[in-house]
Structure formats: C-alpha cells, structure tokens
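For reference, the structure discussed in these notes is given below.
Read the figures in this text as sums done on the coordinates, not as results from a lab. Since this is a predicted model, take the numbers as computed values, not measurements. As a convention, Cβ positions derive from the backbone with ideal geometry for all residues, glycine included, and neighbour counts pool all protein chains shown.
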Amino acid sequence: MSASGLRIKSPDLLVAESGTDLEGHGLKRTMGLFQLVCFGVGAIVGTGIFVGLSDTVAEAGPAVIVSFVLAAVTCVFTAFSFAELGGAIPVSGSSYSYAYATLGERTAFLVGWCLLLEYGVSVSAVSVGWGQYLNELLDSLVGWQLPTALSAPPGDGGIVNVPAVVVMLLAATLLVRGIRESARATAAMAVLKIGVLILFCAIAFTAFENGNLSPFAAQGVAGVTSGASVAFFSYIGFDAVTTAGEEVKNPRRNVPAAILICIGVVTVLYCLVALAAVGALSADDVADQPAALSLIVDRVTGSALGGGIIAFGAVVAIASVVLAVMYGQTRILMSMSRDGLIPRVFERISPKTSTPVRGTWIVAVVFAVPAAVVPLDVVMNLTTIGTLAVMAVVNVCVLVLRRTRPALPRRFRVPIFPVSPLLGIAFCLYLIYGTGPATWLQFAVFLAVGAVVYALYGRRHSRLGDVAPEAGADVAPKSVGGGG
C-alpha cells in the first residue's frame, strides 16, 4: 500500500480541528440529549417503515417480524461500536473520521464515498416515498391526487417525481437557517410520527387474527434473510447521531447515549408495527402496497379518516428523515473538505447562520435528480449495501483503535469485546449476501469509481499529505477556509 493510503490522522488532531475553523466561524454546540435522540429517531423512522414495510413482507411473509429483529441485531452490535467511537472521537465526520483515525486516508475516502449512498442516495430514496403518502393525504382531505406521472416513482407509473424534489428543497431551506431551528423542527416531527405509529398499532391490533400469521415462514430462511436485508433500510440513519458530534453539548456522554436509546426505541416500535400489520391484514394483502399502513387502517375502520391520519404522519415522518439525513450528508462532506479530499466549497461555514450553506444547497440539488427519475427499489438496494459496508468498517475501526490507542478516553466501551464488533462484522456481511448479485455488481462499480476519484483528486489535494509525506505521519494540516 502506498504512503498516501497509510496516512492516519490521530483522534486528538481530529478533535482539535473540529472546534472552529481559522476564521472563527465554527459550528455551535446547541443540541442536548433529548434533541439528539429526537434527531436520531427523525433520521431513522420514515420511508423504511411507512413505504418499505410492504417490500419486506413480500420477501418474508409473516416472518417479517424475524426479519426486523435480525436487522435490529445487526444494528445493535454496530451501534455499540458507533457509541464507543462517537464518545472517543466526537467530531462531525462520523465513520469517515473514524476510518481516517484507524485505517488510513484511502480507506477513509472510500468510506466517505460509501456514505454518499447512506446519506445522499438514501435521501433520494426517502424523498421518493413522500409523494405516495402525500397523495393519500390529499385524497382523504380534498378527494384529489397529484397525477401519477408527476408523483409516483419512475418505473411505477411515474415520469418525474415532483414531490420528491419539493421536500428536498424545503429541507435544505430549513437547514441553512441554523441547527437550532432544524433541531426543534426535527424534535417536533419525531414525537408526532412516533405517536402516529402507536396509533396505527392500537387500531390494527383490534383486527388481529392469528390465522394471518400462518404459514409463518413460507419462504424459509432465504425469505427471512432477504427480508432482513430489505428491513435494514428501515434502520438506516441511527449513525446520523454521530454526524452531530460538533454541535452537541457534552458529546462524549450524549452521543453514545443517544445512539443506544434510538436503536432501542425504534426496534420495539418496528416489531410492533410489523406484527400489527400482518396480523390485521394477511401478508399477501400487505405485500407490494406502497402505502400499506393507510390501507390497513382504512380496512379496519371502514373509513378514509384513519388512513388520512396515518398518511399525515407519514408525510411528516418522511420529511423529517429528509431533513436529518441531508444534515448528516453535509457534515460528512464538510469533514472531507477540511481534509482536502473533496473541493473546499463544502467546508465553508456561513458566519451568519453557522451552517454550511453552499454545501447544503449543492447536496439538495444534486440528489434531487435521482429522487426525481430513479426507481425506488434500485436506490434502496444500493443504499443498503453501501451502509452495511460502512458499518462493517466501523466495527473494524473499534478493533484497531483499541489496539493502537488503548488509553484514549472512552465514556462508553463496547461490551464483550472483541466478540461484539466481530459479530457486527459477521451480521453486516450476512445481510450484504442477502442483497443479491445484481446489487453486489452495482456496488463494486461504485467503489471502483470512488477509487479512481481518490487517485485523481483526493490523494493529490490531501492536506495531510502536503504536510505528512511519510506514511503514518501525525501532524496538523495546513489552514482551512472560513465563511462564505
């Protein structure tokens, strides 16, 4: 491996850099634990459960509950690793920064490249589902819907998904106003959508029939595994908590706590929703229904009013995911830009709002394109495999950092080390296997493109490389840019 690939930036240097840029226009620490938990829930609960549930049921049948548990177990082991790293290295770069501190610059760049799938492409996938529930809501309120050609995913009757573009631009508008305003909006939306899902469970369980759970696993282990790979999309976003490391009060305590609370709350909620859904309506009826939760409530209550309430919750839920995930993407790009691996425009913080205004608008515009014209299933599968790959690397980072920096302060430590991160890696690889050969090939091409981008741009513009030509050198990079 070349020297550039072995350049490692120490955790101390990462933390020192993150406080403020040289112009004094740094990010502000305004988020407490409650806001951070709401931000995490806001990043997770959205399209995966409101839209993707029917796809999971199509793969696993009534065993969808097992699929959700399997996906949750994968997340729990990796959440332990994120919690330890988030407390030890409380910066905005999330897994990109963790990889830079342990595995070197080339791996860090490829992790950042994969995070374009988890955050950038996933925000496109999330936005695609927004139009489906928006139509459900409009239908229940005024008896009118947007034309399918302008609101449905391409490949599903749609041509250009206009609502997907609109929700991304609305999220960007709120994000550039400031993190305090964004955090308040996310907290309110998180509480609302949890309430809506609890309401769904309360209604659906009144029509629960044991017969709908039989045969429980008609597709066998293969169906459960494939379903878990699809269900995993519903959990994507919990690591967004770590992207807020520079804007959280007492991050070494609050970041690990928020991660574990988010995973616990969401897992219980998802399993209850999945059980209520297939218990109230047979798996065959739920499968491949784009707005399954509204359909179930309509059937149970015999009225469109209940479905309209669920649709409203979904519209809010998906919008909050777009907001939180777009936030995470801009902070990761900001970290990569600070290191010189991508253009400097992404690191510039507005002195007026303390947010990366230009970077936010670039992200919104660039990822609005796939949201408008790419089929949802293609986007979801690629997002899933990219996220699983990143999570596997995060578990590796914990193993490496324990060996290279055993004395580094850690407010949270992974339990049953090293078994927990090793199991995290194994579960990630198992779910990657479940995504299928076509997705593997797409991901391999995506990684190859990332390697070329690093070779042609990132390696040559690396700030650490400018001052640390020898492998493993650990010195401060040259100055970074300020406001704009």
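Rounded to the nearest whole Hz, the Karplus-based 3J(HN,Hα) values (6.51 cos²θ - 1.76 cosθ + 1.60, θ = phi - 60°) of the stretch 203-218 follow the sequence 6, 5, 5, 5, 10, 5, 10, 4, x, 5, 8, 10, x, 6, 10, 4, with x at glycine and proline. Principal-axis analysis of the Cα atoms of the chain puts helix 292-301 at an angle of about 30° to the longest axis.
Sequentially through the stretch 7-14, phi angles give Karplus couplings (6.51, -1.76, 1.60; θ = phi - 60°) of 4, 10, 9, 5, x, 4, 5, 4 Hz, Gly and Pro residues having no value and appearing as x. For GLY227, neighbours were defined as the other residues whose beta-carbon sits under 10 Å from its Cβ, and their charges (Lys and Arg +1, Asp and Glu -1) total -2.
Sorting THR384, THR353, THR102 by the number of Cβ atoms found within 10 Å of their own Cβ, with the fewest placed first, yields THR353, THR102, THR384. Close Lys pairs in the chain (alpha-carbon distance under 29 Å; sequence gap of 8 or more, or different chains): 11.
Considering only VAL322, ASN395, ASN250, the residue lying farthest towards the positive end of the dipole of the chain is ASN250, judged by Cα position with unit charges set on Cβ.
State the answer as a single residue: which of ALA187, LEU117, VAL91 lies farthest towards the positive end of the charge dipole of the chain, with beta carbon charges of +1 for Lys and Arg and -1 for Asp and Glu, about the Cα centre. Highest projection toward the positive end goes to VAL91. Counted by Cβ distance under 14 Å from GLY450, the other residues give a net charge of 0, where Lys and Arg count +1 and Asp and Glu count -1. Between the helical axis of 357-373 and the dominant principal axis of the chain, each derived from Cα atoms, what acute angle in degrees is found, rounded to the nearest 10? Helix 357-373 sits roughly 40 degrees off the main axis of the chain.
Let me know the shape class of the stretch 116-158, please: from the alpha-carbon gyration tensor, a ≥ b ≥ c as square roots of the eigenvalues, rounded when a/c is under 1.5, otherwise prolate if a/b is greater than b/c, or oblate. Oblate.
Would you mind checking the tilt of helix 419-434 against the longest principal axis of the Cα atoms of the chain, expressed as 0 to 90 degrees and rounded to 10? So the helix axis and the longest Cα principal axis differ by about 60 degrees. Taking other C-beta atoms within 10 angstrom as a stand-in for reagent exposure, GLU105, GLU59, GLU209 fall in the order GLU209, GLU59, GLU105, fewest first. Taking the centroid of alpha carbons for each part, the stretch 36-83 and the stretch 257-271 are 9 Å apart.
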